[in-house]
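Peer 1: Sending over a structure as structure tokens; questions will come in a sec.
The values are calculated or read from the model by the stated rules, or taken from the named source; none is laboratory data. Here the structure is a predicted model, which means the values were calculated and not measured. Methodologically, a virtual Cβ is constructed for each residue, glycine included, from the backbone with ideal geometry; neighbour enumeration extends over all protein chains shown. Quick note on the areas: whole protein, heavy atoms, side chains included, nothing else; ligands and nucleic acids left out. Shrake-Rupley method; radii C 1.70, N 1.55, O 1.52, S 1.80 Å.
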Amino acid sequence: NEEYIELLKKGERAGHAIATHNLGSHYYEGTFGLPKNQSMAIKLWTKSGNKLGNSSSCANLGTYYGIELKDMNKALYYYEKGAILGNIACRYRLGLLEKNCDLALIHFEIGARCGHKDSMGKIVEAFKIGNVSKDNFERILRVHWDTVKASESVNRTKGVLLNLSNG
């Protein structure tokens, strides 16, 4: 635990986004021998998200500000930033928070096309009530399944199994 945390601290000092994010997460949870320290976690996630471009830190900050502090402006800021950085969970949360149905559907469509199951579920709901045309629904569904299949490819499975057998 100590060696791992020292490596994360060294990575954080060097400006490594993932190390900074993970160190913040361990402070937030109080894991790997670190004390539970929410303010340190927020400081590290803010550095990782704002300065180093880590989308997972943006997602954590969006959730923290939205759920813990009920500050929806900051939550939306971080979800938008995370979505721009490619975080599909942030994209989905933006869809959930969006008041404009057409804009929400755009967020869900992007997520569904990336293979996000919950986003596809929202597209299905919208199709059932007539907010998505049959042609568009079929097109989104086809891309969704192609993406899901690509992530479950034989070569990917072989690679995982090879890593497991070597590790």
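Peer 1: Hey, can you tell me all the residues within the range 1-36 that are free of Cβ contacts under 8 Å to residues at least 24 places away in the same chain and surrounded by fewer than 16 Cβ atoms within 10 Å (Cβ to Cβ)?
Peer 2: Matches in the range 1-36: 3, 6, 7, 9, 10, 13, 14, 29, 30, 31, 35, 36.
Peer 1: Could you check residue 42 against (1) β-branched (Val, Ile, Thr); (2) part of a helix (DSSP H, G or I); (3) open to solvent by 40 Å² or more (accessible area, probe 1.4 Å) and say which number it fails?
Peer 2: Failing condition for residue 42: (3).
Peer 1: Take residue 57 and tell me if it is touching a residue at least 40 places away in the same chain (Cβ under 8 Å) and either surrounded by 21 or more Cβ atoms within 10 Å (Cβ to Cβ) or within 21 Å of residue 22 (Cα to Cα) (or both).
Peer 2: Working: touching a residue at least 40 places away in the same chain (Cβ under 8 Å): yes; either surrounded by 21 or more Cβ atoms within 10 Å (Cβ to Cβ) or within 21 Å of residue 22 (Cα to Cα) (or both): yes.
Yes; evaluated as a whole, the condition is true for this residue.
Peer 1: Now a separate question. Name the residues in the range 31-58 that are within 11 Å of residue 12 (Cβ to Cβ) and not aliphatic (A, V, I, L, M), would you?
Peer 2: Passing the criteria: 43, 47, 48.
Peer 1: Given the criteria out of contact with any Pro (no Cβ under 8 Å at 6 or more places or on another chain), within 22 Å of residue 144 (Cα to Cα) and in a loop (DSSP other than H, G, I, E, B), does residue 95 qualify? Steps first, answer last, please.
Peer 2: Working: out of contact with any Pro (no Cβ under 8 Å at 6 or more places or on another chain): yes; within 22 Å of residue 144 (Cα to Cα): yes; in a loop (DSSP other than H, G, I, E, B): no.
No: the conditions fail for residue 95.
Peer 1: A further question on this structure: For the range 67-86, give me each residue that is touching a residue at least 24 places away in the same chain (Cβ under 8 Å) and surrounded by fewer than 24 Cβ atoms within 10 Å (Cβ to Cβ). Don't jump to the end; show me each part of the working.
Peer 2: Initially, the range 67-86 is screened for residues touching a residue at least 24 places away in the same chain (Cβ under 8 Å), giving 72, 78, 81-83, 85-86.
Within the range 67-86, 72, 81, 85, 86 qualify.
Peer 1: Kindly provide the set of residues from the range 101-139 that are open to solvent by less than 30 Å² (accessible area, probe 1.4 Å) and polar (S, T, N, Q), ordered by number.
Peer 2: 119
Peer 1: Name the pairs: first residue in the range 97-112 and over 12 Å from residue 123 (Cβ atoms) and of a type in the set (Val, Ile, Thr), second residue outside any helix (DSSP H, G or I) and modelled with pLDDT of 95 or more, Cβ to Cβ under 9 Å, at least 6 apart or on different chains?
Peer 2: none
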